[in-house]
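This report refers to the structure that appears directly beneath it.
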Amino acid sequence: MERPAVSVLINNYNYARFVGRAIESVLSQDAGNVEIIVVDDGSTDQSRSVLEAYDSRVKVIFQENAGQAAAINTAVASSTGEILCFLDADDWWAPGKLSAIAAAFRANPQASLVYHRLQPTLVDGTPTSKPIPRTLCSGALSPLLTRSAGWWPFPMTSAVAVRRSAWNFAGNIPEQFRISADAWLVGIYPFLGDVVAMPDPLGFYRIHNNNWYRSTEDAATLRRRMTHWQHTVEATNLFLSAHEMSARLHLTDHHPYRIASAKLKGADVRTRFKLAVEGLFFAGEPNLLRRTRDSLRSARGLSRFGLDVGLSEAAK
């Protein structure tokens, strides 16, 4: 049989109410020579019955719960396509997405990663806010990531596609990325080749309580994000060292991490001013207007009394 040009890899955990739409959005693509692999990561809802209804149209693998990274690794190991396209079970794609991805890889033989914008939606699929990420980054991004501790206006999992040869070089996603496995993809692959950004929103990102997006930030959420960023920097540096690449990331260059820390601890006027100035030169946001706006807004939003202090006072 002809080897598939594209492998679509869907990871699912307790998204029986969403995964059908994800699969249908792939089956309706106009691209040929595509395989679809769904890994169910130990769901306890009705996912099995939903997935088994697709019969031979979709290859379904059931495994015990091990996290998103493990589910994606299993899917890739069972795939054969030259292009790997990732899709979270609660998201879905627009028509023409796979054809556009394949064309971008053909036109850019040095590309290791291709991505597009996603349209955020409410749980019911109603579009909300502007497509993300707002700033698009193409070309050789490793110098940018080195200056920003790996932070850039990165795409979400369902917008990411990588070349299999790059995957084979990088190896499996470390299973410490039980959630947000896309942090590995967007953090490592820019060191392996060029990045191509497509401006159209070729997919839909569903916002709900189970994903990374939060409309408000509390102390627990900030601490989880900071821990995630720290572990991502450490994992990236281990990878770079193991492959004898000279670049290294430094958490002190990670401006969102420093802002999150100030939100927890509190910031006096001098600290707010210092963070505002640092933000103006933060390499992670290449767009000058957005960088200026984000820097001033973040510094202005800091309080003298941090969230940790507020928790301590409330406990008295």
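The values are calculated or read from the model by the stated rules, or taken from the named source; none is laboratory data. None of these values were measured; they are calculated from a predicted model. Every residue, glycine among them, receives a Cβ derived from its backbone with ideal geometry; neighbour counts consider all protein chains shown. Please note that ligands, DNA and RNA were not included when accessible areas were found on the heavy atoms of the full protein model with its side chains. Shrake-Rupley method; radii C 1.70, N 1.55, O 1.52, S 1.80 Å.
Couple of notes before you dig in:
- Only Cα pairs under 8 Å and 6+ residues apart enter the sum, and on that basis the relative contact order of the chain stands at 18 percent.
- Accessible carbon and sulfur surface of the chain relative to its total accessible area, %, 1.4 Å: 54 percent
- As computed over the stretch 1-105, the Cα convex hull volume per residue (Å³): 91 Å³
- FRET E, pair residue 243, residue 179, Förster distance 25 Å, beta-carbon r, rounded to 0.05: 0.50
- Calculated FRET efficiency for the pair residue 227/residue 271, C-beta based, R₀ 22 Å, to 0.05: 0.50
- Per residue, the Cα convex hull of the stretch 219-300 amounts to 94 Å³.
- Antiparallel %, DSSP beta bridges [both residues in the chain], to 5: 30 percent
- Cα-based helix-to-principal-axis angle, 269-280 vs the chain, degrees rounded to 10: 40 degrees
- Answer label, with Cα Rg over 2.2 N^0.38 Å calculated from the coordinates and candidates (i) 0.96; (ii) 1.24; (iii) 1.02: (iii)
- Full-extension gain in nm, residue 169 to residue 287, via 0.36 nm per residue minus C-alpha separation: 39.3 nm
- Cross-link pairs beyond the 29 Å C-alpha cut-off, checked among 59/97; 97/263; 130/263: 97/263
- With the cut-off at under 17 Å, measuring from each backbone N in the stretch 219-255 to a point 7 Å along the Cα-to-Cβ line of residue 305 picks out 219.
- Its convex hull of Cα atoms gives the stretch 87-207 a direction-averaged projected area, equal to a quarter of the hull surface, of 7.5 nm².
- Burial ranking of peptide ranges 107-114, 179-186 (average Cβ count within 10 Å, highest at the top): 179-186, 107-114
- Between residue 17 and residue 110, the simple label model (points 7 Å from Cα in the Cβ direction) yields a spacing of 4.7 nm.
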